[in-house]
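Quick notes on the structure that follows.
What follows draws every value from the coordinates through simple rules; no lab data is involved. Owing to the predicted nature of the structure, the values given are computational and were not obtained by experimental measurement. Cβ atoms come from the backbone with ideal geometry, glycine included; neighbour counts cover every protein chain shown.
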Amino acid sequence: MADNLENEQSSVLGSMADFPEFDESSKKGFADDDKLDFLKDLQLNVYIELGRTKMEIKDILELERGYVIELEKLASEPVDVFVNNKKIAEGEVVVIDKHFGIRITNLIDTSDRLKGIK
């Protein structure tokens with residue numbers, strides 16, 4: 001009887017199922033273009049950086065109305081566009097009906113923008 005049990009176990013183990021390779025991109029809703037579809041309606045913080053500078057505390061304490069702070073960036077240089085602290089683009093400042101706006105002039109490569117998300 002022990003021989004029969006061993007024969008049954010070896011035949012079961014010898015006939016394990018053979019599955020084809022799983023290609024995740026073929027799953028519905030998970031094609032490369034659709035991977036982030038479910039995130040598209042989330043709101044993220046977007047901010048524009050005109051430039052930076054360093055100041056001593058004594059100079060900061062002397063700030064008053066009308067004081068001009070000089071930035072390290074030149075006026076002709078593009079501004080940086082950040083989304084949740086990640087630079088995604090560069091652009092130029094425009095005025096639209098008394099509001100500031102940014103015209104995108106250069107996008108950071110998509111693979112670089114998505115680093116850290118995976």
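Along Cα→Cβ, 7 Å out, is where each label goes; now give me the distance between the ones at LEU36 and ILE96 in nm to one decimal.
2.1 nm
Indicate the gyration tensor shape class of region 38-118 (rounded, prolate or oblate), computed on the Cα atoms with a ≥ b ≥ c the square roots of the eigenvalues: a/c under 1.5 is rounded; otherwise a/b larger than b/c is prolate and the rest oblate.
Numbers: a/c = 2.13, a/b = 1.73, b/c = 1.23.
Prolate.
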